[in-house]
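What follows is a single structure, written as structure tokens, with notes after it.
The values are calculated or read from the model by the stated rules, or taken from the named source; none is laboratory data. A quick note: this is a predicted structure, and the numbers were derived from the prediction, not measured. Glycine gets a Cβ as well: all are built from the backbone with ideal geometry, and neighbour counts include every protein chain shown. Only protein heavy atoms, including side chains, enter the accessible area calculation; ligands, DNA and RNA are left aside. Shrake-Rupley method; radii C 1.70, N 1.55, O 1.52, S 1.80 Å.
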Amino acid sequence: MLQLNPPLPMNTPKGEGFAHFLIDYGPESDLYWTVFVTETGEIWTFANREVRASKNITLGRTSPSVPRPAAPMRRQASESRDPGVVPFAVADGQM
């Protein structure tokens, strides 16, 4: 985990904010950015593919693309569930 000093302005699926921390779990994982969202004050952690650097005219970044949330990870059919874990839909009787 690295604390960013100064924080970096970023565009996220939740809006613009400042990344204060960068988490690196190693070569088999994405980088994760902990961003304080400016408009709401919420703190979210986003995978690298979900964020973009904010606009910076001086550096020639005049229209960065808008990031999209990552697709939820799907379980393989062969993976067995922990018998102690009950999905929300089952707990609510919606399955």
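The accessible-area ordering, largest first, of the residues ILE23, ILE43 stands as ILE43, ILE23, per a 1.4 angstrom probe. Computed from the C-beta positions of LEU22 and SER63 and an R0 of 35 Å, the FRET efficiency is 0.90 to the nearest 0.05.
What is the extension gain from LEU31 to LEU8, computed as 0.36 nm multiplied by their sequence separation minus the C-alpha to C-alpha distance, in nm to one decimal? Mind dumping the intermediate values first?
Numbers: separation 23, 0.36 × 23 = 8.28 nm, distance 1.46 nm.
Length difference between fully extended and current span is 6.8 nm.
The residues of the range 1-43 expose on average 69 square angstrom of accessible surface per residue, using a 1.4 Å probe on protein heavy atoms. Legend: residues THR12, THR40, THR58, sorted from most to least accessible area (1.4 Å probe; ligands, DNA and RNA excluded), read THR58, THR40, THR12.
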